[in-house]
Amino acid sequence: MNFYAIRAIYLFELARTWRTLLQSIATPVISTSLYFVVFGSAIGARMEAMHGIPYAAFIIPGLIMMALLTESISNASFGIYMPRYSGTIYEVLSAPVSYVEIVIGYVGAAATKSIILGVIILVTARLFVDYEIQHPLLMALFLVLTAVTFCLFGFIIGIWADGWEKLQIVPSLIVMPLAFLGGSFYSIEMLPPLWQKITLFNPVVYLISGFRWSFYGVSDIGVGVSLAMIFGFLVLCLGLVWWIFRTGYRLKN
């Protein structure tokens, strides 16, 4: 394992974050804080408690997960698309660096940025509402697994995209609506029986439900099922990344 190569790619990608601090960190934190103000303070005061949890506290895991999903995909997809766009990816591919080391460097840096963002939002939420974390280790596990998995997914999108517009299609038109419909702001038990069953086909439901369980010990879906879904999607993304480098899909041509 060439740790020097991993370190070089990793630090280069992290350095880009500090150069674009306003866009990478400040913007998503401010956007999520507005959700806390509007939904937590203004609307939350008029909402009934869900599962015995005040509404303002109930939406915290959903908001963190929503920001984590979108930023993980965006960070990783931009990180690998930019070298493809500028042509510097060929220097990386021709260097004595294995595909595994390339993926660890790019995905590791993107996941680190996403985890830092999630922690900052978690701390910021304390300014607006009190909350508790009953299972902090499991919460950290969900945070890290989700960040790594969706950074891998973003890495795949960054290789698949052949234009800047396509980088935003999945986060904006697919992931964000799924997050809104995945129980970020409500419990799926509030839905009619038919829609409860339909909602189970939304993979984001399992992420948010499991993450919420780590906070308050309540969820719409069993925490074991949620972890299994994350691991399943992680394995799928790893398989796709392996296939991309095996075939050279949009990397060597």
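The values are calculated or read from the model by the stated rules, or taken from the named source; none is laboratory data. Here the structure is a predicted model, which is why all the values come from computation and not from measurement. Quick reminder, even Gly has a Cβ in these numbers, built from the backbone with ideal geometry, and neighbours come from all protein chains shown.
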**Prompt:** If Q168 satisfies every condition in (1) closer than 30 Å to Y55 by Cα; (2) surrounded by fewer than 22 Cβ atoms within 10 Å (Cβ to Cβ); (3) not acidic (D, E) but one, which is the exception?
**Reply:** (1)
**Message:** Where the second residue is at pLDDT 90 or above and surrounded by fewer than 21 Cβ atoms within 10 Å (Cβ to Cβ) and the first is more than 15 Å from I104 (Cα to Cα) and lies in segment 73-91, which pairs have Cβ atoms under 9 Å and are six or more apart or on separate chains?
**Reply:** Y81/I159; R84/I159
**Complete:** Per the filter on segment 19-66, residues at pLDDT 75 or above, hydroxyl-bearing (S, T, Y) and buried (at least 19 other Cβ atoms within 10 Å of the Cβ) are T32, Y35, Y55
**Prompt:** Taking the stated definitions as given, is A67 under 22 Å from R126 (Cβ atoms) and touching a Gly at 6+ places or on another chain (Cβ under 8 Å)?
**Reply:** yes
**Asked** Any idea how many residues of segment 48-58 are touching a residue at least 12 places away in the same chain (Cβ under 8 Å) and either of a type in the set (G, A, S) or within 13 Å of L122 (Cβ to Cβ) (or both)?
**Response** 3
**Residues satisfying the stated conditions in segment 184-204, i.e. loosely packed, with under 12 Cβ neighbours inside 10 Å and under 19 Å from the mean Cα position of the chain (by Cα)** = F201
**Message:** Criterion first (more than 18 Å from the chain's Cα centre (by Cα) and either touching a residue at least 60 places away in the same chain (Cβ under 8 Å) or not in a helix (DSSP H, G or I) (or both)) does V241 satisfy it?
**Reply:** no
